[in-house]
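Below is one structure, written out as structure tokens; the observations come after it.
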Amino acid sequence: MKVTIDNITVEVEPGTTILQAARKIGPEIAPPAMCYYEPLKASGGKCRACLVKVTAGSEKDPRPMPKLVPSCITQVQDGMVVENTINQQVLDTRKGIVEFLLINHPLDCPICDQAGECHLQDFAFEHGMQQTRYEEERRTFEKTDLGPNIQLHMTRCILCYRCVFTADQITDGRVHGVLNRGDHAEISTYLEKAIDNDFSGNVIDVCPVGALTDKTYRFKNRVWFTKPVDAHCDCDKCKGDVTLWYRGDEVIRVTARKNQWGEVTAFICNKCRFERKKTSDWVIEGPTKVARHSVISANKYGANKIVPEFARRLAASQYKDVKEGRNLEQLSIQQLPEERFKQLVAPAGESAVAGIRSIQNWADDK
Amino acid sequence: MSSERLKILTANADIPGIETFEVYRKHGGYTAVEKAVKTMTPDAVVEEVKKSGVRGRGGAGFPMGMKWSFLAKPEGVPRYLVCNGDESEPGTFKDHWLMKTIPHLLIEGMIVSSFALGANTSYIYVRGELMYVVKILEKAIAEAKAAGFLGKNILGSGYDLELYVQPGGGAYICGEETALLESLEGKRGNPRNKPPFPAVKGLYQCPTVVNNVESISTTPWIVNNGGEAYAAVGIGRSTGTKLISASGHLKKPGVYEIPLGITVNEFIYSDEWCGGIRDGHHLKAVVAGGSSVPILPAALLLKTANGEDRLMTYESLADGGFATGTMLGSGGFIAMDETSCIVRNTWNFSRFYHHESCGQCSPCREGTGWMEKVLHRIEHGHGSMHDIDLLVDVSKKIEGNTICPLGDAAAWPVASAIRHFRDEFEWHIKFPQEATRPGAVYRGHMELA
């Protein structure tokens, strides 16, 4: 099946969602996902951050879809044409979603443990506005403890339901759910019953914000001062593949490993997470490769190679019809002649031009 | 005059004892069941409903026959019919009235419709606040079962049907069909992402049709008299009759069965229907189809933007789009005279949607609360001019971007009130002391009817 996203065509299996297809192309055009989490069944469709415009439904039925669709749960059709970063309506809507997610968010990043690896922070940084239009009092909740090792700070929650699905799907017996309605809805372990389960700690990893935090790590350090290291151990409950977070030579936190999209690749047990905090408990594999372009990690890890890669791919895809015998692999966006650039990118709208220009400038600086 | 009108749903409503099986049967009740199961095939019933052109009476107005024909029919998988009796739209109270007054009409409709769809288990989901209606329906079901119209081998036809009544928990959102199904399954009433639609994966992941109480109640008449007879009533694609819940500053509020196609003017001012606006007052605005639909000022309600008489039909009320039109919706007709404060009314609607948002998707969860707070501020004299544009912008960001139509339902009343009554909002902001005085009435420019 062929699907075209932001003028880049990619071949995917039937049953692939638009989001997965976009991720296959690259992070620059992959829509942001605040609630969708690939390892969790039935996740997605709630945050509306990944809404995209489908300008042609399929080859057979090329009518555009009337509303923006959630890319995380919409399956691609052969010949579908999707606009994400080049569509002004999508970008405006996304700006609105950031605003909605932030109006009741405490914006307490300076004291939040999640800061630096927070998806909401990244999302707001990339798509949000500089100031708020919200003047009213923000909704707050009391902090609650979910068992001895996890703290729930509902005030920060964006109700993505990931932790609910995690509790449902990787632990036995549902001990986790949502109470109440609307902006008063809250995650709860009914009657504050402690989550007593070997895998309950994974709700911390799946939380995109700082609503669920590790009590053994709370206020210990800032993420950007710590060094992530891949390690493994022989564990009888889980696979034992983790990331250790060092400050100096002290392990101050253990988390599951995450992929480029912030999704856990293998869930880990509570013993690995909360109890094995000595280097001697682990076999060290090496430094963790940080692919994410977090607000903070961008400073810390400097340039990763994703952006020029994207530009190269875009250039290559645009050059497909130019039979000059050039090695497409070697092309980059800078090599597009000015007229060709205008012809190809300008119809996509001003924001697309500005986006490509900024990539060019960025690449020139490097 | 009124006796000449064809009544499809309410013809026998005034007969004493119509809620009992004997009286209902004596007046021609359950003949549709006899006719359907003994002489017709399920497909023939579906065909009649298609011919009738009856459209979903819950608000969206989707043709019912078409909805039925979308039902997937895989082998060995049960199919379900679910009746949506969770009527909670402010301004709409027709289903409540219909269920309590003629419960057997709905039961008969459920049997006929279930037969048509091949469902052997069907549910009536009733709004949680109406426990007494649940009891009325359960009594009616027991009577019908005792008479052999429900249960195994109905009237010797070999068709089995079990019918259950399920009270909801009192959430407006459970009137949305997929939230209703979740609730019926015993889960939290969160709307599902669509697709898959209920016709493919509905109740317990099986093909399901969800229909409104009024829609299902039309089926006995359609089976008895034929789809063409039904389609003969009404105009164009708005066929048949419709129950209108009239409320507000009318002389005679109540539930009326109107043939679709009478003029709005006639409906409001004729003695046959609402009898006009209460004495000494004039019509200022109307919410024509339940609180979710756009509010219209009197002038635009009675005449379309082109100057034609507006009719009580799906098409005519929608004429002009949202710029100058509205929707028939569920038929919750709320009339307001010049003493009504549009800002206060909008705030009140907004408060309702804020309270009823399920909280699943961000635009609705956060946006409904935000709009309510801003409207509260304006209503209480603390607004500023940019709040009006803020409201319009927030409503635009919600509309069309949510999982279910509650987001749209919350956005439309706000956007339309500002569209048509911006002066009044500005008056509240410019003269807060005057506007917040108890009993204050906006006396600025407005066209009354």
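The values are calculated or read from the model by the stated rules, or taken from the named source; none is laboratory data. All values reported here derive from a predicted model rather than from experimental measurement. Using ideal geometry, Cβ is built from the backbone for each residue, glycine included, and neighbour counts are taken over all protein chains shown.
A few remarks follow.
- Of the criteria (1) hydrophobic (A, V, I, L, M, F, W, C); (2) in contact with an Asp or Glu (Cβ under 9 Å, 6 or more places away or on another chain); (3) in a helix (DSSP H, G or I), which one B:Ala44 fails: (2)
- Any chance B:Val45 is buried (at least 24 other Cβ atoms within 10 Å of the Cβ), under 18 Å from the mean Cα position of the chain (by Cα) and modelled with pLDDT of 95 or more: no
- Only residues that are more than 14 Å from chain A (Cβ to nearest Cβ) and crowded, with 23+ Cβ neighbours inside 10 Å were counted in segment B:348-357, giving 1.
- Of residues in segment B:417-439 being of a type in the set (Gly, Ala, Ser) and either buried (at least 16 other Cβ atoms within 10 Å of the Cβ) or under 18 Å from B:Thr326 (Cβ atoms) (or both), the one modelled with the lowest pLDDT: B:Ala435
For (1) under 25 Å from B:Glu214 (Cβ atoms); (2) free of Cβ contacts under 8 Å to residues at least 60 places away in the same chain, each residue gets a yes or a no:
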residue	(1), (2)
B:Glu266	yes, yes
B:Cys274	yes, no
B:Asp279	no, yes
B:Leu283	no, no
B:Pro294	yes, no
B:Leu302	no, no
B:Met312	yes, no
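- Looking across B:Glu143, B:Glu129, B:Glu177, one residue alone is in contact with a Phe, Trp or Tyr (Cβ under 7 Å, 6 or more places away or on another chain) and among the charged types (D, E, K, R). It is B:Glu143.
- Contact map, segment B:335-362: residues that are of a type in the set (Lys, Arg) paired with residues that are part of a helix (DSSP H, G or I) and crowded, with 23+ Cβ neighbours inside 10 Å, Cβ distance under 7 Å, separation 6+ or inter-chain. Pairs shown: B:Arg351/B:Glu372.
- Selection within segment A:1-42: residues that are basic (Lys, Arg) and closer than 20 Å to A:Asn259 by Cα. The member of this set that is surrounded by the fewest Cβ atoms within 10 Å (Cβ to Cβ) is A:Lys41.
- Lone unmet requirement of (1) surrounded by 20 or more Cβ atoms within 10 Å (Cβ to Cβ); (2) closer than 22 Å to B:Asp408 by Cα for A:Gln114: (2)
- Residue match in segment A:142-164 (condition: surrounded by fewer than 18 Cβ atoms within 10 Å (Cβ to Cβ), away from every other protein chain (no Cβ under 14 Å) and farther than 22 Å from A:Ile195 by Cβ): no
- Any hit, segment B:15-38, residues being within 15 Å of B:Leu106 (Cα to Cα), modelled with pLDDT of 95 or more, basic (Lys, Arg) and outside the structural domain of B:Leu260 (by TED's automatic domain parsing): yes
- Enumeration of residues in segment A:40-83 that are in contact with a helix residue (DSSP H, G or I) (Cβ under 6 Å, 6 or more places away or on another chain) and β-branched (Val, Ile, Thr): A:Val52, A:Thr74, A:Val76, A:Val82
- Scoring A:Glu28 on the criteria (1) over 17 Å from the mean Cα position of the chain (by Cα); (2) more than 10 Å from chain B (Cβ to nearest Cβ) leaves a single failure, condition (1).
- Only residues that are hydroxyl-bearing (Ser, Thr, Tyr) and not in a loop (DSSP other than H, G, I, E, B) were counted across segment B:18-40, and they come to 3.
- Hits in segment B:384-402 - residues which are surrounded by fewer than 24 Cβ atoms within 10 Å (Cβ to Cβ) and β-branched (Val, Ile, Thr): B:Ile388, B:Val392
- From the list A:Glu136, A:Glu99, the lone residue that is at pLDDT 90 or above and in a helix (DSSP H, G or I) is A:Glu99.
- Candidates are the residues of segment B:358-377 that are more than 7 Å from every other protein chain (Cβ to nearest Cβ) and either small (Gly, Ala, Ser) or buried (at least 24 other Cβ atoms within 10 Å of the Cβ) (or both); the one that is nearest to the chain's Cα centre (by Cα) is B:Cys364.
- Qualifying residue in segment A:200-223 (condition: over 15 Å from A:Lys46 (Cβ atoms), modelled with pLDDT under 90, within 13 Å of chain B (Cβ to nearest Cβ) and in a helix (DSSP H, G or I)): no
- Applying a threshold of 9 Å to beta carbon distances and a minimum spacing of six or more residues, or different chains, the list of pairs starting in segment B:390-411 at a residue that is within 10 Å of chain A (Cβ to nearest Cβ) and ending at one that is basic (Lys, Arg) and buried (at least 24 other Cβ atoms within 10 Å of the Cβ) reads B:Asn401/A:Arg48; B:Thr402/A:Arg48; B:Ile403/A:Lys46; B:Ile403/A:Arg48.
- Residue identified as assigned by TED's automatic domain parsing to the domain that holds B:Leu328 and under 22 Å from the mean Cα position of the chain (by Cα) among B:Glu272, B:Glu257: B:Glu257
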